Amino acid sequence: MLRGAEDGQVTAVTRALSAASVLCQVEPVGRWFEAFIKRRNINVSASFQELEDEKELSEESGDEELQLEEFPMLKTLDPKDWKNQDHYAVLGLGHVRYRAAQKQIKAAHKAMVLKHHPDKRKAAGEQIGEGDNDYFTCITKAYEILSDPVKRRAFNSIDPTFDNSVPSKSEAKENFFEVFSPVFERNARWSNKKNVPKLGDMNSSFEDVDAFYSFWYNFDSWREFSYLDEEEKEKAECRDERRWIEKQNRAARALRKKEEMNRIRTLVDAAYSCDPRIKKFKEEEKAKKEAEKKAKVEAKRKEQEAKERQRQAELEAARLAKEKEEEEVRQQALLAKKEKDIQKKAIKKERQKLRTTCKNWNYFSDNEAECVKMMEEVEKLCDRLELASLQCLNEALTSTTREGGKAAVEKQIEEINEQIKREREEAEARLRQAMKSSERSTSGGGGGSKNWSEDDLQLLIKAVNLFPAGTNSRWEVIANYMNLHSTTGIKRTAKDVINKAKSLQKLDPHQKDDINKKAFDKFKKEHGVVPQTESAAPSERFEGLVTDSAPWTTEEQKLLEQALKTYPVNTPERWEKIAAAVPGRSKKDCMKRYKELVEMVKAKKAAQEQVLNAAKAKK
């Protein structure tokens, strides 16, 4: 939009009136405003028409100058190869090229016709080629191409003077801006968008550099390559041939367009990789990130230090509070001890007073036996009575006669004896109750204590150790195992086994030792071997039967299993190598342990199969 006229710059218009002239202020618009601005800028007064005439004269003078740059190789051109000629050079516009206006092209053609027309040259005595073999055909074709905007655009796209080269990184290493600025400026002519951003310099901001590379990475080019079509569809003899030619031309154009966009992308990539500003921005960004990282680390460190100080303060406060509490407890303990000592001394004093009083009265009897008995009773009173009772009794004895004192002492003795009797009865009742509870727990559930023999208890202990926690249907498997190996013939259910196992867990350690001792005696009787019970380890559930002179530890068991995997059956001297892999064990020990493991696995499988068969039978 054109700007309005400034203050003081007005155009006066007068109208002839019958009475008087009136001066009005008017503002020029449109082309008249443009003429007004030009007049004002050059400080002259000229009309719009004068400016138009001046413009036409300048164009005509420009046309006269164009005639001076004639193409020196014009007369040597081959008219049949007109498509490969430089049309701008033919018309004498090689120095203007794509910037030439249509008026300039028209004027250049007119000048070339006036000078090189065949009739004019023939009149001058010059020899003329027949038909289209004269070089004047090249002038005609050049004007035909450049006067048509579509054909001219196609020719401009393959301008033979345009430099398509891309600078290498080594060329731009020292002078980046001097090398790449001209390249981007000449390639900017292909952009569909106007206001192409400049490369800038070392002082360009990050936003400008980012906008520049964003524009070129998304470059929208109008360059097309229809001028290089090898086939002309106008020469086709039928519609099918024309369609085939169009298909071939489209494919060739797409390929050249792709190569052009790859060239632009290569140019932008090369510039981006060599741009010192990008390196500077990356270093700044890296420094910024490192600074932020350091700031975060510092903030975190300070936060941790603050937390640590707070924790230390809390610990110190807790320590002081604990010390204060301990000091209070200690003071209270000291006070309690002092009070206890005072009370102890008072009780001791009252006891001594009671003994002295009774002794002075010869223990209220002249008979020596009665005196001894009364002495024992007095000692019992001294042991059983509390401080208040002793004080009351001593006061009573002080304020009464010998007979009254005897009666008071005997009364107190009767109360103490009754109290002792009640305590003894309560203790006996508790003992009887505990014995009954022990008998009930020993009997277990199910079949009762009379149904569980010592062999069954030992078999249960062995089964519990043989089938540890985690075994599938564990208690059913243990019950079946006992039914298979029991000599009593009594069938046990899973519930009976669980109840008995629980009762064995609750047994007194002495009862457990008794069961283990009986199992040990039975083992000695059957095998005639005295096992080393000192190094035996208890089972997980309860202390079971010791079956080996040197029980296998968990580490030894793991080493044995690993050795069995490492040395398979076909290994020569297998058991010697296995024994060497288990420190402290001989070949015989390893073979014996292996047989025990095989038997245990077989027993487990048999018990589990019985459980499964029983379950299937129930179904």
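For this structure, a couple of remarks:
- Residue among E283, E327 that alone is open to solvent by less than 100 Å² (accessible area, probe 1.4 Å) and either in a helix (DSSP H, G or I) or of a type in the set (G, A, S) (or both): E327
- Qualifying position, being exposed (fewer than 12 other Cβ atoms within 10 Å of the Cβ) and in a helix (DSSP H, G or I), among E185, E178: E178
- Here the condition is being part of a helix (DSSP H, G or I), touching a Phe, Trp or Tyr at 6+ places or on another chain (Cβ under 7 Å) and not basic (K, R); of A271, A252, A321, A313, it holds for A271 alone.
- Residue within the range 207-221 that is within 21 Å of N192 (Cα to Cα), of a type in the set (G, A, S) and under 38 Å from the mean Cα position of the chain (by Cα) present: yes
- Pick from the range 103-125, criterion more than 25 Å from Y88 (Cβ to Cβ) and among the charged types (D, E, K, R), ranking: modelled with the lowest pLDDT: K122
- The range 201-230, subset without any contact (Cβ under 8 Å) to a residue 40 or more places away in the chain and within 20 Å of T266 (Cα to Cα), residue surrounded by the most Cβ atoms within 10 Å (Cβ to Cβ): F212
- Residues in the range 263-280 that are among the hydrophobic types (A, V, I, L, M, F, W, C) and either open to solvent by 40 Å² or more (accessible area, probe 1.4 Å) or touching a Ser or Thr at 6+ places or on another chain (Cβ under 8 Å) (or both): I264, A270.
- Residue count, the range 530-572 (criterion: loosely packed, with under 11 Cβ neighbours inside 10 Å, more than 44 Å from the chain's Cα centre (by Cα) and modelled with pLDDT of 50 or more): 4
- Residue in the range 127-144 that is touching a Lys or Arg at 6+ places or on another chain (Cβ under 7 Å) and either surrounded by 12 or more Cβ atoms within 10 Å (Cβ to Cβ) or within 19 Å of D78 (Cβ to Cβ) (or both) present: yes
- Selection status of D163, open to solvent by 40 Å² or more (accessible area, probe 1.4 Å), assigned to a loop (DSSP other than H, G, I, E, B) and under 23 Å from L91 (Cα atoms): yes
- Candidate set: the range 357-387, residues that are open to solvent by less than 60 Å² (accessible area, probe 1.4 Å) and among the aliphatic types (A, V, I, L, M); chosen: the one farthest from the chain's Cα centre (by Cα): M374
- One residue from Q352, Q343, Q332 being in contact (Cβ under 8 Å) with a residue 40 or more places away in the chain and either among the β-branched types (V, I, T) or open to solvent by 60 Å² or more (accessible area, probe 1.4 Å) (or both): Q343
- The set of residues from the range 573-606 being surrounded by 12 or more Cβ atoms within 10 Å (Cβ to Cβ) and closer than 30 Å to L484 by Cα comprises D589, C590, M591, K592, R593, Y594, E596, L597, M600, A603, K604, A606.
- Test: residue in the range 423-430 that is touching a helix residue (DSSP H, G or I) at 6+ places or on another chain (Cβ under 8 Å) and assigned to a helix (DSSP H, G or I): no
- In the range 182-197, the residues that are of a type in the set (D, E, K, R) and closer than 19 Å to D269 by Cβ: E185, R186
The values are calculated or read from the model by the stated rules, or taken from the named source; none is laboratory data. Because the structure is a prediction, the values reported are computed rather than measured. With ideal geometry, Cβ positions are generated from the backbone for all residues, glycine too; neighbour counts draw on all protein chains shown. Surface accessibility is based on the protein's heavy atoms, side chains included, excluding ligands, DNA and RNA. Shrake-Rupley method; radii C 1.70, N 1.55, O 1.52, S 1.80 Å.
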